[in-house]
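Colleague: The structure under discussion is supplied below as structure tokens; questions concerning it will follow.
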Amino acid sequence: MQGTDLLDKHPLGAGQFAELVIGWQQQQGRHDLPWQHEITPYKVLVSELMLQQTQVTTVIPYFERWLQRFPTIEALAEAEQDEVMTLWQGLGYYARARNLHKAAQAIAKRGSFPADLETLQQIPGIGRYTAGAILSFAYDAYGPIVDGNVRRLFCRLFALEGYAGQSQLEKQLWQLAEQLTPQQHNRRFAQGLLDLGATLCTARRPDCANCPLQAGCQAYARQQVEQFPMAKPKKAKPSRQGHFLWVQQQGRLLLEQRPDQGIWSSLLTLPEVAAEHPLLQQAEPVGSFRHQFSHYQLDATIWQPQQQVEETPRHGWYASRQLADIALPAPIRKWIEQQLKQSAVD
């Protein structure tokens with residue numbers, strides 16, 4: 001069913017829907033988030049990329065540190081990638097940091113921040129949602145948005161079948177967003193959508209009693225709120241073996257910079273080798289860890305080789321005092337710190 005048909009058969013029209021969302025946000029929504037003050041397109045861009053797949057409470061201190069170090073998009077554009085990745089360290093999903101850096105460089109080169117959907121989406125790292133968020137929050141202009149919160153809200157309100165990522169459902173969601181987004185008060189409207197999803201229409205234990213849209217919610221009418229959006233059929237998560245080297249020399253640790261693509265791209269890690277690498281034939285295992293990625297599980301073993309490691313331009317030696325200032329994946333950092341602490345005790 002197309003978005004227009006969904007609206008035609010729904011008890012709430014687009015105008016009433018917008019009025020309810022805007023009115024609720026004004027009275028009950030969130031108004032004190034750091035990126036809501038002295039709003040600029042740059043602040044919106046930083047906050048939106050940080051908030052992808054990350055909770056608001058986690059993002060706030062990172063956002064504040066980021067703006068202290070990179071107060072303008074020009075400052076970020078001029079920064080070295082290593083510094084950008086180090087400051088992002090701990091937020092995970094490091095592709096977001098690279099996208100943010102690339103976007104800053106493209107906008108700085110362009111000379112101004114775009115102010116329309118089409119041009120915004122031509123900037124590296126800025127997709128359909130982020131473009132709409134920038135228009136809504138920075139310019140208070142028409143900018144449809146669909147993220148996880150909006151998807152959940154719309155799926156319940158219209159009892160939409162399907163799960164996140166299905167093309168038909170995503171098409172319906174964006175059609176609804178385009179039709180329901182008003183031509184004015186867009187900043188408050190977009191914030192209202194996000195606030196409703198984050199505080200009332202939550203994934204678990206939704207607070208339907210206080211929802212301003214309850215009268216028009218088809219999932220609520222069916223008493224099926226928690227069944228929407230539909231869960232994606234689960235697949236067994238595959239596991240992958242990883243083999244890393246623990247090599248110390250004169251109090252320094254050998255690390256390797258990852259390629260620009262793949263997991264932990266551009267970060268420093270313990271050197272990784274294939275299972276059949278000759279070094280492992282005479283190496284001793286000194287530890288292991290398990291890490292869950294979104295699509296697979298990494299079962300890592302750390303080996304101490306007995307032979308000399310052939311170094312490449314990607315390798316470098318780092319003293320323990322330097323580790324706090326470089327970008328390391330969280331599980332690698334945790335294991336290294338535990339190992340160094342244990343070595344100090346021994």
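Colleague: Given the conditions (1) aliphatic (A, V, I, L, M); (2) surrounded by fewer than 21 Cβ atoms within 10 Å (Cβ to Cβ); (3) touching a residue at least 40 places away in the same chain (Cβ under 8 Å); (4) within 28 Å of residue 41 (Cα to Cα), and given that residue 200 satisfies all but one, which numbered condition is not satisfied?
Modeller: (3)
Colleague: Another question about this same structure. Please go through segment 313-334 and give me each residue that is in contact (Cβ under 8 Å) with a residue 24 or more places away in the chain and among the polar types (S, T, N, Q), ordered by number.
Modeller: Correct list: 320 only.
Colleague: Could you grab the pairs with beta carbons closer than 6 Å, sequence gap of 6+ or different chains, first residue in segment 25-37 and over 13 Å from residue 188 (Cα atoms), second one at pLDDT 95 or above and among the small types (Gly, Ala, Ser)?
Modeller: Note: pairs meeting the criteria are 35/47.
Colleague: For segment 69-103, give me each residue that is more than 21 Å from residue 58 (Cβ to Cβ) and touching a residue at least 60 places away in the same chain (Cβ under 8 Å).
Modeller: 81, 82
Colleague: Something else now. Only one residue in 245, 196, 213 is in contact with a Leu (Cβ under 9 Å, 6 or more places away or on another chain) and under 30 Å from residue 340 (Cβ atoms). Which one?
Modeller: Numbers: 196 fails: under 30 Å from residue 340 (Cβ atoms); 213 fails: under 30 Å from residue 340 (Cβ atoms).
Going through 245, 196, 213 in turn, the sole match is 245.
Colleague: Moving on to the next point. Using the structure shown, decide if residue 255 is crowded, with 20+ Cβ neighbours inside 10 Å, within 29 Å of the chain's Cα centre (by Cα) and either closer than 16 Å to residue 315 by Cβ or among the hydrophobic types (A, V, I, L, M, F, W, C) (or both). Break it down stepwise before answering.
Modeller: Values: crowded, with 20+ Cβ neighbours inside 10 Å: yes; within 29 Å of the chain's Cα centre (by Cα): yes; either closer than 16 Å to residue 315 by Cβ or among the hydrophobic types (A, V, I, L, M, F, W, C) (or both): yes.
Against the criterion (crowded, with 20+ Cβ neighbours inside 10 Å, within 29 Å of the chain's Cα centre (by Cα) and either closer than 16 Å to residue 315 by Cβ or among the hydrophobic types (A, V, I, L, M, F, W, C) (or both)), residue 255 qualifies.
Colleague: Turning to a different aspect of this structure: Considering only segment 296-313, state which residues are closer than 30 Å to residue 52 by Cα and either surrounded by 15 or more Cβ atoms within 10 Å (Cβ to Cβ) or in contact with a Pro (Cβ under 8 Å, 6 or more places away or on another chain) (or both). Steps first, answer last, please.
Modeller: Here is the first cut: in segment 296-313, the residues closer than 30 Å to residue 52 by Cα are 296-300.
Passing the criteria: 296, 297, 298, 300.
Colleague: Among the residues of segment 73-95, count how many are in a loop (DSSP other than H, G, I, E, B) and either modelled with pLDDT of 95 or more or surrounded by 17 or more Cβ atoms within 10 Å (Cβ to Cβ) (or both).
Modeller: Within segment 73-95, the subset in a loop (DSSP other than H, G, I, E, B) is 79-80, 89-94.
In the following step, the residues that additionally are either modelled with pLDDT of 95 or more or surrounded by 17 or more Cβ atoms within 10 Å (Cβ to Cβ) (or both) were identified as 79, 89, 91, 94.
The total comes to 4.
Colleague: Going through segment 180-194 one residue at a time, which ones are surrounded by 15 or more Cβ atoms within 10 Å (Cβ to Cβ) and either out of contact with any Phe, Trp or Tyr (no Cβ under 8 Å at 6 or more places or on another chain) or part of a loop (DSSP other than H, G, I, E, B) (or both)?
Modeller: From segment 180-194, those surrounded by 15 or more Cβ atoms within 10 Å (Cβ to Cβ) are 180-182, 185-194; that's our starting set.
Correct list: 181, 182, 185, 188, 189, 193, 194.
Colleague: So in segment 96-127, with the set limited to residues that are within 17 Å of the chain's Cα centre (by Cα), surrounded by fewer than 19 Cβ atoms within 10 Å (Cβ to Cβ) and assigned to a loop (DSSP other than H, G, I, E, B), which one is modelled with the highest pLDDT?
Modeller: So, considering only residues that are within 17 Å of the chain's Cα centre (by Cα), surrounded by fewer than 19 Cβ atoms within 10 Å (Cβ to Cβ) and assigned to a loop (DSSP other than H, G, I, E, B), the one modelled with the highest pLDDT is 127.
The values are calculated or read from the model by the stated rules, or taken from the named source; none is laboratory data. Being a predicted model, the structure only gives us computed values, none of them experimental. Note: ideal-geometry Cβ built from the backbone for every residue, glycine included; neighbour counts use all protein chains shown.
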